[in-house]
Amino acid sequence: DAAYGEGEGSILLRRVHCTGNESVLAHCPVVEPTSFFFDFSCFSHASDAGVICRDPSFTCTDGDIRLQDGETEFEGRVEICRDNHFGTVCALGWDENDAQVTCRQLGYPGENAIAVRGGYFGTGIGRIHISSVDCLRSETTLMDCPHIPDPPLAFCDHSLDAGVICQVPDPDCSHGDVRLVGGLTELEGRVDICIGGRWGSVCDDTWDDIDASVVCRQLGYSQNNSLATDTAFFGRGTGPIFIDQTGCRGNELRLLDCLH
C-alpha cells in the first residue's frame, strides 16, 4: 500500500506473479483477474509496490535495537531487528517504562529516560515491527516486553515512530554550569544548564534581560546590554527542561542562584 509514497504517471504493471527465477521484472508472468474487484484494485497509486533489498554483508540479531537520527548517540528513533532487518516501533502506548528498558538494553542508564512519540526523530522507512509495547521496567530487552508484532498500517504508520532520549551523565557538565548552543558566535545561543550531570534547557516563561545578564556574567562576558530571546530563537533543545519562571535580581553569580 505505497509504503514508500505514491508514484506519478502511468501504472505500467499489474497482477505480476514472479516465480523467482526471472532475471528482470518484465519477464515475470501476469495473472489474469479472478474478479471484477481484483481487476480494478491497481488503478490508483495508493497500491504502488515497493521492495526492501537486503545487503548480504549486513546481519543483525533478532531483538537488537539501535537509535537513529538523534543529535547524539544517546537519543534517536528506536529501531529493532527482526528477520535480519531493522524496522521501527509504533508509539501507541509508548511511555517512560519502555524508554528505560530501551536505554538499559543499549548499555545506558535507564533512570530518567524520556519517551518521545510522533516521529520526533524523523520518520523511518520500511517495516514497523512492533506496536503497543508495555514494559514493566524489569525486562532485559525491549522484545521481552509485551507487544503486538507487525501492526497494520491502518493503526500505525511512520508518523507514529517511537524514540528515546537516554540520560547519560556528561563529564564536562558540573552542576549549575551554563552554556550557549546554536548561536553564530560564542556570545549567543540557546541557554542550557547542567543539573545532576546532564544538560537541559530553560523555559522562557518570565525570561527577561535581567536573567540574560546573569547568564552572560556567569560565562565571563559583559552583562551590559544583555538581550534575552524567547520562543526557541536559537533552536529547540532536546532532553529535559530543568528550570522555569526564572526571576533574577541581577546581582546573582549563577543562573541557578536566581529564583526559579
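Every number here is computed from the coordinates shown, using simple stated rules; none is lab data. Keep in mind the model is a prediction, meaning the values are calculated, not measured. For neighbour counting, all protein chains shown are included, and Cβ atoms are generated from backbone atoms with ideal geometry for every residue, glycine included.
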HN-Hα J couplings of region 169-186 from phi, Karplus 6.51/-1.76/1.60, θ = phi - 60°, integer Hz, Gly and Pro as x? x, 9, x, 8, 10, 9, 3, x, 4, 10, 8, 10, 10, x, x, 6, 10, 6
Could you give the nm distance between label points at Asp150 and Thr19, where each point is 7 Å from its Cα heading toward the beta carbon? 2.7
Take every Cα pair under 8 Å in the chain that's 6+ residues apart, average their separations, divide by the length, and report that relative contact order as a whole percent. 13
Provide the gained length on full extension for the span Leu12 to Asp48, in nm with one decimal, where the gain is 0.36 nm per separating residue minus the Cα-Cα distance. 11.9 nm
Amide H of Gly183: which non-local residues (sequence gap of 5 or more, or other chain) have their own amide H closer than 5 Å, using H built in the peptide plane? Arg190
Once P(r) over Cα pairs in 10 Å bins from 0, in percent is worked out from the coordinates, which option in (1) 7, 23, 22, 19, 15, 8, 4, 2, 0; (2) 6, 26, 37, 25, 6, 0; (3) 6, 24, 29, 22, 12, 5, 2, 1, 0 does it equal? (1)
Stretched fully, the stretch from Thr140 through Tyr4 gains (0.36 nm per residue minus C-alpha distance, one decimal, in nm) 45.7 nm
Once amide H atoms are built 1.01 Å from N in the peptide plane, which residues 5 or more positions from Asp204, or in another chain, come under 5 Å H to H? none
Could you tell me the distance between the Cα centroids of region 2-25 and region 67-138, to the nearest Å? 32
Mean-square fluctuation maximum in Gaussian network of the chain, Cα pairs under 10 Å, restricted to Tyr108, Tyr221, Tyr120, hits Tyr221
For the chain, find the longest principal axis of its Cα atoms and tell me its angle to the long axis of helix 96-105, 0 to 90°, nearest 10. 80
Computed lengthening from Thr123 to Asp208, 0.36 nm per intervening residue step minus Cα-Cα distance: 27.0 nm
At a threshold of 8 angstrom on Cα-Cα distance, excluding pairs fewer than six apart, so keeping six or more, what relative contact order does region 136-250 reach in percent? 23
